[in-house]
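Student: Structure incoming, see below.
The values are calculated or read from the model by the stated rules, or taken from the named source; none is laboratory data. Computed from a predicted model, the values in this text were never measured in an experiment. We place every Cβ from the backbone using ideal geometry, glycine too, and count neighbours over all the protein chains shown. Surface areas here come from the heavy atoms of the whole protein model, side chains and all, with no ligands, DNA or RNA. Shrake-Rupley method; radii C 1.70, N 1.55, O 1.52, S 1.80 Å.
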Amino acid sequence: MAVIRLQYEMPAGFLEQTMVFEPVYPENLQMTLAAKRNLLETPGAVMVWMFVDEELVGEAYGIPMQGYAADMPGAELVVDDLSVSLYCFSNTVLPAFQKRGLGDVLKSHWLGLAAGQGFRAIYGHARPGASQGLNAKFGARFLGNFPDWYGTGETYRLYRLQLGS
């Protein structure tokens, strides 16, 4: 039986290990170490990493929307709850561990962390396929399409996911 462990801290040298998630994304969306560090040091950021049998297999993180939304493509679609919303940058499981339900576990746990910190909504841009399906499974409402998102050649969809009732 596999043992899942979740980690919320970034000890020295750990962030470098998390760069294994970047190749999962199209090249134009891959973060540099400096950019990722900057995001995760944003006040109010919510982050978690998943280990299975002590192997790093997943990450989920986001930052508060307030102050970020003006730079976000599709911000004109977001009108109400920026002060209590997060923007999800990553909910990623490494390809060798996909299709095992780990994305559901990771997303569910991260959403619980966000709700526990008082956030009431999650926004994000979901990639076609599993990402859009996962967010739909959690009740996301899709707000708009973004063809060729950041030069990826794919149509990403902006979503809003309500937390709590």
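Student: For the range 124-152, which positions are of a type in the set (Ser, Thr, Tyr) and either assigned to a helix (DSSP H, G or I) or modelled with pLDDT under 90 (or both)?
Tutor: 131, 150
Student: Please tell me if residue 133 is open to solvent by 30 Å² or more (accessible area, probe 1.4 Å) and more than 17 Å from residue 106 (Cα to Cα).
Tutor: no
Student: For residue 108, state whether it is under 16 Å from the mean Cα position of the chain (by Cα), modelled with pLDDT of 95 or more, under 24 Å from residue 52 (Cβ atoms) and assigned to a helix (DSSP H, G or I).
Tutor: yes
Student: Residue 100: modelled with pLDDT under 95, more than 20 Å from residue 164 (Cβ to Cβ) and open to solvent by 40 Å² or more (accessible area, probe 1.4 Å), yes or no?
Tutor: Answer is yes for this residue.
Student: Moving on to the next point. In the range 92-113, which residues are free of Cβ contacts under 8 Å to residues at least 40 places away in the same chain and farther than 15 Å from residue 133 by Cα?
Tutor: Within the range 92-113, 96, 112 qualify.
Student: Go through the range 65-91 and count every residue that is modelled with pLDDT of 80 or more, more than 19 Å from residue 134 (Cβ to Cβ) and either among the acidic types (Asp, Glu) or touching a strand residue (DSSP E or B) at 6+ places or on another chain (Cβ under 6 Å) (or both).
Tutor: So the answer is 1.
Student: Considering only residues that are at pLDDT 90 or above and open to solvent by 70 Å² or more (accessible area, probe 1.4 Å), which ones fall in the range 153-165?
Tutor: The answer is 157, 162.
Student: If residue 40 meets every condition in (1) in contact with a Gly (Cβ under 6 Å, 6 or more places away or on another chain); (2) of a type in the set (A, V, I, L, M); (3) at pLDDT below 95 apart from one, which number is that one?
Tutor: Status for residue 40: all satisfied but (1).
Student: Further question on the same structure: Just to be sure I understand, how many residues within the range 1-37 are in a loop (DSSP other than H, G, I, E, B), at pLDDT 95 or above and in contact with a strand residue (DSSP E or B) (Cβ under 6 Å, 6 or more places away or on another chain)?
Tutor: Result for the range 1-37: 1.
Student: May I ask you to list pairs of residues, at least six apart or on different chains, whose Cβ atoms are under 8 Å apart, with the first in the range 40-60 being free of Cβ contacts under 8 Å to residues at least 24 places away in the same chain and within 16 Å of residue 95 (Cβ to Cβ) and the second being β-branched (Val, Ile, Thr) and open to solvent by 40 Å² or more (accessible area, probe 1.4 Å)?
Tutor: Short answer, once both residue conditions are applied: none.
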